[in-house]
Amino acid sequence: MNILKEKEESLLIEIINIISDPNITVFGYFKEKIDNNKDIIDTLKYLEDNGLIKIDNMEEYPINIELTDLGKNYFKDKEANIEKVKAECKKRKNRYIIVGIISFILGIIMGVFLYHLFII
């Protein structure tokens, strides 16, 4: 799963809000935004290329935007992915601690053995 940048996530949130609000049309909302900022076209294209949305265009303005399953579940999947990474880091840290303790104990045993071997 690709983690989106902040501007891409905020645009995805806007799209989710637009789709859920029956008083706002996709074309009207994005026509005004695109007229003010042409970078939104690239961000919309990026979201579409990553399979989060499907866009029906008229010239350069989106007429209709549909969320795909990836788009609908993006924030849930992102949170689950973050939790998974945190759990992996915790496991790795615990392994390093255990290996360190075992190495310390083996070092003491080897030291005592060598001490008795050469002194006695």
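The values are calculated or read from the model by the stated rules, or taken from the named source; none is laboratory data. Only a predicted model underlies this, so the values are computations on that prediction, with no experimental measurement involved. Positions of Cβ are backbone-derived with ideal geometry, glycine not excepted, and every protein chain shown enters the neighbour counts. Keep in mind that these areas ignore ligands, DNA and RNA; they rest on the heavy atoms of the full protein, side chains included. Shrake-Rupley method; radii C 1.70, N 1.55, O 1.52, S 1.80 Å.
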inquiry  = Out of the residues in the range 43-59 meeting the condition of being acidic (Asp, Glu) and surrounded by fewer than 11 Cβ atoms within 10 Å (Cβ to Cβ), tell me which one is nearest to Asn73 (Cα to Cα).
reply    = Asp49
query = Quick one: Val112 ticks every box in (1) in a helix (DSSP H, G or I); (2) open to solvent by less than 80 Å² (accessible area, probe 1.4 Å); (3) in contact (Cβ under 8 Å) with a residue 12 or more places away in the chain bar one, so which box is it?
reply = (3)
ask   = So is Ile16 β-branched (Val, Ile, Thr), open to solvent by 50 Å² or more (accessible area, probe 1.4 Å) and over 25 Å from Ile82 (Cα atoms) or not?
value = no
request  = Find all pairs meeting these conditions: Cβ atoms under 7 angstrom apart; at least six residues apart or on different chains; first residue within the range 10-34 and in the same structural domain as Asp56 (by the TED database); second residue crowded, with 16+ Cβ neighbours inside 10 Å and in a loop (DSSP other than H, G, I, E, B).
outcome  = Leu12/Leu4; Leu12/Leu52
